[in-house]
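Participant: Have a look at the structure that comes next, please.
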């Protein structure tokens, strides 16, 4: 039975950003998940994830705080209890201009190359 | 661009339970999601979802409150910021014995028959 608290999962620094950590909450390796993985991001005040794109989608749910999410060629404000679908292939980026942590879940498909 | 707040999504009563609602936050129909769907459940005090099983998995993250989740032949307490992987084919059920709402996200694979 894979039931955990976030405090049990290591926070790793996100290389393609600043002041940002990721926790891999549910994956094939820790839980045996075969179709999609759940990650938790914390972007600290002044932090960001740089613009990038890839051929898989994101399903994101904001748990705490607020931040700017860029998708395609526009930016949007995301707050607690908002959620977004970022389609495959579309450029996106994240920036925390607030003075508190911005925390969100981001679910991705299981990487095909793994 | 599909960016929403939970207040924009209809709450539907869950038939296979009591005092429980579901919101389909991200699906093929509203967001164009092709691989997995995000739902949000609220189980009110005294509410429950009855024991059942199906051939797809759950990835669940507790947003608020606490409740009892049964998986297989055991029950566990789930609180805020805990998460669980329920494998395909395993019986599971939910019961809120607390005096506040129990709220969680539950991600499922896109149903194959749809």
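Participant: Determine whether residue A:90 is touching a residue at least 12 places away in the same chain (Cβ under 8 Å), more than 8 Å from chain B (Cβ to nearest Cβ) and buried (at least 22 other Cβ atoms within 10 Å of the Cβ).
Facilitator: Answer is no for this residue.
Participant: Moving on to the next point. Could you give me the residue pairs with C-beta distances under 6 Å whose first residue belongs to segment B:41-64 and is within 24 Å of residue A:7 (Cα to Cα), whose second residue is part of a strand (DSSP E or B) and modelled with pLDDT under 95 wherever it lies, and which are 6+ apart or on separate chains?
Facilitator: Within 6 Å, no pair qualifies.
Participant: While we're on this one: Given (1) at the interface with chain A (Cβ under 8 Å from one of its Cβ atoms); (2) over 13 Å from the mean Cα position of the chain (by Cα); (3) over 23 Å from residue A:82 (Cβ atoms), identify the lone condition not met by residue B:84.
Facilitator: All conditions are met except number (2).
Participant: Would you check if residue A:76 is over 25 Å from residue A:26 (Cα atoms), at pLDDT 95 or above and either surrounded by 19 or more Cβ atoms within 10 Å (Cβ to Cβ) or facing chain B (nearest Cβ under 7 Å) (or both)?
Facilitator: yes
Participant: Let me ask another. Give me a count of the residues in segment B:28-40 that are in contact (Cβ under 8 Å) with a residue 12 or more places away in the chain and over 12 Å from the mean Cα position of the chain (by Cα).
Facilitator: Total meeting the criteria: 8.
Participant: Return yes or no: is residue B:32 surrounded by fewer than 20 Cβ atoms within 10 Å (Cβ to Cβ) and at the interface with chain A (Cβ under 8 Å from one of its Cβ atoms)?
Facilitator: It is true that residue B:32 is surrounded by fewer than 20 Cβ atoms within 10 Å (Cβ to Cβ) and at the interface with chain A (Cβ under 8 Å from one of its Cβ atoms).
The values are calculated or read from the model by the stated rules, or taken from the named source; none is laboratory data. Treat the numbers as computed from the prediction; the structure is a model and nothing was measured. Reconstructed Cβ throughout: ideal geometry from the backbone, glycine too, with neighbour counts over all protein chains shown.
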